[in-house]
1. How large is the Kirkwood hydrodynamic radius of the range 51-114, in angstrom, based on all distinct alpha carbon pairs?
2. Grab the beta carbon distance between residue 102 and residue 41, set R0 = 41 Å, and tell me the FRET efficiency rounded to 0.05.
3. Compute the separation of the alpha-carbon centres of the range 40-70 and the range 97-117 and state it in Å as a whole number.
4. Shape of the range 35-88 from its Cα gyration tensor (a ≥ b ≥ c, root eigenvalues): rounded if a/c is under 1.5, otherwise prolate when a/b > b/c, or oblate?
Amino acid sequence: MGGWRWALADVSASNFIAPVEPESPAASDLIRGVLWGILWLIWQCVRLPVLLLLVVLEPLVSFVLSAAALLGVLTAFFWKLVGPPHFPFFLVLGISLGFEFALVLYHALLRLLGAKA
C-alpha cells in the first residue's frame with residue numbers, strides 16, 4: 001500500500017488538466033468584424049436622423065444666432081457711446097460673440113455628422 005501512495009505523488013498535475021486549444025485568429029477576427037459592423041450600423045441609425053434634423057433646422061439656427069450676435073454687438077457699442085456710464089459693455093459683447101461661437105460649433109457638428117466614414 002505504501003508504494004501506491006508514492007505512485008500518485010509522482011504523477012504530474014498537468015496530466016489531469018485537459019489542454020485548451022487557443023482560439024484561432026480567423027475566428028477572433030470574424031467576431032471582431034461582426035461587432036464592428038454592428039457598432040457601425042447602430043452609429044448610422046443614430047447619426048442620420050440627427051443629421052437630417054440639424055440640416056433642416058440649419059437656416060433657422062443660422063439666422064437666429066447670427067442676428068442675435070449682430071444685434072448684441074450693435075447694442076453693446078450703442079450703449080457704450082450714448083448709454084449710462086456703468087453699462088456692462090464687455091459682458092454684452094461676450095454674450096454676442098458667444099452666439100457666433102455657438103453657430104461655429106453648430107456647423108462643426110454638421111460637418112462631423114455629415115462626414116463619410
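Values quoted throughout were computed directly from the atomic coordinates according to the rules given, and no laboratory measurement underlies them. Since this is a predicted model, take the numbers as computed values, not measurements. Backbone-built Cβ (ideal geometry, glycine too); neighbour counts: all protein chains shown.
1. Kirkwood hydrodynamic radius for the range 51-114: 12.8 Å.
2. Calculated value: 0.85.
3. With the range 40-70 and the range 97-117 each reduced to a Cα centre, they are spaced 8 Å.
4. Prolate, because a/c is 1.5 or more and a/b exceeds b/c.
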